Amino acid sequence: MSAAVLIPATNTTALQSPCFATIRTGRKSLVPIRNSLVIEAAEGQASAEIQRESVPRRLILLRHAKSSWENRSLRDHDRPLSKSGRADAVKLSQKLEQLGWIPELILSSDAQRTRETLKIMQEQVRAFLEAEVHFISSFYSIAAMDGQTAEHLQQAICKYSSDNILTIMCMGHNRGWEEAASMFSGASIELKTCNAALLEATGKSWEEVLAFSLAGFGGWKLHGIVKPDTDTNL
């Protein structure tokens with residue numbers, strides 16, 4: 001006797017799902033065929049091919065807004081923003097929004113002045129709230145070490161990013177941030193408080209463009225330096 005194909009009654013609803021197609025056998029039994037899975041697999045392969053294409057990847061290197069020195073008893077790490085620093089953070093967030101440079105991933109020093117700069121930017125431009133944020137304590141100390149910030153940023157970005165992210169913002173301090181922006185772009189860059197260097201390179205992944213195999217030191221395109229009180233045109 002040939003084995004019958006039995007489909008429990010409780011499963012008929014599931015078989016009517018768009019994820020399944022059905023055929024009738026000679027015994028009038030329904031047999032699920034996952035033909036849509038073939039289509040989904042093909043679409044997944046196409047998506048993977050698109051992701052493997054070289055695409056522009058944008059990097060914002062932002063120095064924190066101006067800090068206050070009123071309370072001399074505070075550690076440098078704990079100093080808050082000054083009144084003018086808070087105003088500058090508002091202006092800069094609005095300028096980045098106007099330019100369309102909104103990060104999907106934000107890596108920031110954990111110092112009080114960088115945290116406060118970011119908080120103000122998030123309050124002013126809602127899109128900044130949608131970014132994934134990581135506070136990295138080493139961003140505070142590495143900025144004071146000659147020649148090490150660019151490589152440290154490379155390692156942090158590769159650790160926290162994924163290839164579907166196209167815009168990343170790193171927030172920190174001088175002298176390291178000026179130094180890294182200059183090394184990436186090959187130009188002599190000055191970053192005053194609340195200044196942001198807008199850099200772009202093309203690659204299939206962040207590891208590719210940051211490993212300097214493509215962009216290299218000096219291989220990133222500098223779109224401009226965004227400042228609180230200057231024109232937003234690049």
From the option list Ile189, Ile165, single residue qualifying as modelled with pLDDT of 95 or more, within 16 Å of the chain's Cα centre (by Cα), assigned to a loop (DSSP other than H, G, I, E, B) and under 25 Å from Pro56 (Cα atoms) is Ile165
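Is it the case, given these coordinates, that Ala42 is at pLDDT 95 or above and of a type in the set (A, V, I, L, M)?
So Ala42 fails the test.
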Scanning region 55-80 for residues that are among the aliphatic types (A, V, I, L, M) and either within 25 Å of the chain's Cα centre (by Cα) or part of a helix (DSSP H, G or I) (or both) gives Val55, Leu59, Ile60, Leu61, Leu62, Ala65
Cβ pairs under 8 Å, 6+ apart or interchain, first in region 132-143 and among the charged types (D, E, K, R), second part of a loop (DSSP other than H, G, I, E, B), ordered by first then second residue, are Glu132/Glu104
Taking region 132-162 and keeping residues surrounded by 18 or more Cβ atoms within 10 Å (Cβ to Cβ) and part of a loop (DSSP other than H, G, I, E, B) leaves Ala143, Ser161
query = Among the residues of region 85-96, is any closer than 15 Å to Ser67 by Cβ, surrounded by fewer than 21 Cβ atoms within 10 Å (Cβ to Cβ) and at pLDDT 95 or above?
reply = yes
Problem set entry | So Glu116, is it assigned to a helix (DSSP H, G or I) and surrounded by fewer than 19 Cβ atoms within 10 Å (Cβ to Cβ) | no
Of the listed residues (Ser141, Ser137, Ser93), the one being in the same structural domain as Ile165 (by TED's automatic domain parsing), in contact with a Phe, Trp or Tyr (Cβ under 7 Å, 6 or more places away or on another chain) and small (Gly, Ala, Ser) is Ser93
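The values are calculated or read from the model by the stated rules, or taken from the named source; none is laboratory data. This one's a predicted model, so the numbers in the text were calculated from it and none came from an experiment. Ideal geometry is used to build each Cβ from the backbone, glycine not excepted, and the neighbour counts take in all protein chains shown.
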